[in-house]
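The values are calculated or read from the model by the stated rules, or taken from the named source; none is laboratory data. Everything quoted here is computed from the prediction, not taken from an experiment. Neighbour counts are summed over all protein chains in view; Cβ atoms, including those assigned to glycine, are modelled from backbone coordinates with ideal geometry. All accessible areas refer to the heavy atoms of the entire protein, side chains included, with ligands and DNA or RNA removed. Shrake-Rupley method; radii C 1.70, N 1.55, O 1.52, S 1.80 Å.
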Amino acid sequence: MHLEKSAAQRWTTADTAKMAVVTGVYVAVTIVLSVISFGAIQFRLAEMFNFLPLFNKRYTIAVTLGVAIANLASPLGIVDVLFGSVSTLIVLLICRAVTKRITSLKKKMIVTTLIFAFSMFTVAGQLTFFYQAPFFFNWLIIGLGELLSMSLGGILIYLVNKRIDLTK
């Protein structure tokens, strides 16, 4: 009888190390740039790593963990850890599903950027709940910040992929 192995059992040491590096770099970039990574106006450059699951699904976990750990430094603390990481996981899975049949990497990245910018209603909702900030204004500002950070980061990830095969 052949039992299919779970994803965790198929990961090699190299796979786990790559995931750890992505998680660590996400956290480092977010914390180093914490002044612009949290709050009502956000430009979280580490969001560029949201593209990595398009190349290999193992990065879905790595990025989600990166968000959870980085959000420990958020003014909202555990709330941002829970909502931010769960939201990120869901949006990463949606992006993978929506872009599954798209063959053009550029188109996949554009769709992912737009989905993530739209998904910033979750952050706007937190700010509205905790700080009584105006929801639609926050959604617009944070969504634009996400659009900008993902667009700039997307160019960088695209260029990195030209040199390093991110699918491996």
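Inspect the range 149-163 for any residue being charged (D, E, K, R) and open to solvent by 30 Å² or more (accessible area, probe 1.4 Å) and give the result as yes or no.
Keep residues of the range 149-163 that are charged (D, E, K, R), which gives 162-163.
Add one more test, that the residue is open to solvent by 30 Å² or more (accessible area, probe 1.4 Å), and what stays is 162-163.
There is at least one residue in the range 149-163 that is charged (D, E, K, R) and open to solvent by 30 Å² or more (accessible area, probe 1.4 Å).
Exactly one of these conditions fails for Arg101: (1) touching a helix residue (DSSP H, G or I) at 6+ places or on another chain (Cβ under 7 Å); (2) not in a helix (DSSP H, G or I). Give me its number.
(1)
What about Ala62, is it closer than 20 Å to Ile155 by Cβ and in contact with a helix residue (DSSP H, G or I) (Cβ under 8 Å, 6 or more places away or on another chain)?
no
Answer with yes or no whether Ala133 is closer than 23 Å to Phe83 by Cβ, assigned to a helix (DSSP H, G or I) and either of a type in the set (Gly, Ala, Ser) or over 16 Å from the mean Cα position of the chain (by Cα) (or both). Before you say what the answer is, go through the steps one by one.
Details: closer than 23 Å to Phe83 by Cβ: yes; assigned to a helix (DSSP H, G or I): no; either of a type in the set (Gly, Ala, Ser) or over 16 Å from the mean Cα position of the chain (by Cα) (or both): yes.
No: the conditions fail for Ala133.
What are the residue pairs meeting all of these: first residue in the range 138-164, first residue in contact (Cβ under 8 Å) with a residue 24 or more places away in the chain, second residue hydrophobic (A, V, I, L, M, F, W, C) and loosely packed, with under 15 Cβ neighbours inside 10 Å, Cβ atoms under 6 Å, and 6 or more apart or on different chains?
Ile141/Ile41
Yes/no per residue for (1) under 16 Å from Asn138 (Cβ atoms); (2) β-branched (Val, Ile, Thr):
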| position | (1), (2) |
| --- | --- |
| Ile69 | no, yes |
| Asp80 | yes, no |
| Val91 | no, yes |
| Ile94 | no, yes |
| Thr99 | no, yes |
| Thr103 | no, yes |
| Thr122 | yes, yes |
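Among the residues that make up the range 95-104, is at least one of them over 19 Å from Ile157 (Cα atoms) and of a type outside the set (D, E, K, R)?
Yes: the range 95-104 contains one or more residues that are over 19 Å from Ile157 (Cα atoms) and of a type outside the set (D, E, K, R).
Do we have any residue at all in the range 47-56 that's open to solvent by 20 Å² or more (accessible area, probe 1.4 Å), under 26 Å from Met109 (Cβ atoms), part of a loop (DSSP other than H, G, I, E, B) and modelled with pLDDT of 95 or more?
yes
What tally of residues in the range 12-24 results from selecting those that are of a type in the set (A, V, I, L, M, F, W, C), in contact (Cβ under 8 Å) with a residue 40 or more places away in the chain and open to solvent by less than 60 Å² (accessible area, probe 1.4 Å)?
So the count comes out to 2.
Could you grab the pairs with beta carbons closer than 6 Å, sequence gap of 6+ or different chains, first residue in the range 37-62 and under 21 Å from Asp15 (Cα atoms), second one open to solvent by 10 Å² or more (accessible area, probe 1.4 Å) and assigned to a loop (DSSP other than H, G, I, E, B)?
That search, which allows pairs on different chains as well, returns Phe55/Leu166; Phe55/Thr167; Asn56/Thr167.
Suppose the filter is within 24 Å of Arg10 (Cβ to Cβ), crowded, with 17+ Cβ neighbours inside 10 Å and touching a residue at least 60 places away in the same chain (Cβ under 8 Å); does Phe116 pass it?
In short, no.
Those residues that are among the charged types (D, E, K, R) and surrounded by fewer than 17 Cβ atoms within 10 Å (Cβ to Cβ), I need them from the range 58-109; list them, please.
Within the range 58-109, Arg96, Lys100, Arg101, Lys106, Lys107 qualify.
Specify the residue that is surrounded by the fewest Cβ atoms within 10 Å (Cβ to Cβ); the eligible residues are those in the range 124-146 that are among the aliphatic types (A, V, I, L, M) and within 16 Å of Leu45 (Cα to Cα).
As a first pass, look at the range 124-146 and keep what is among the aliphatic types (A, V, I, L, M): 124, 127, 133, 140-142, 144.
Narrowing further to those that are within 16 Å of Leu45 (Cα to Cα): 141-142, 144.
Details: Ile141: 19, Ile142: 26, Leu144: 15.
Filtering first and then ranking leaves Leu144.
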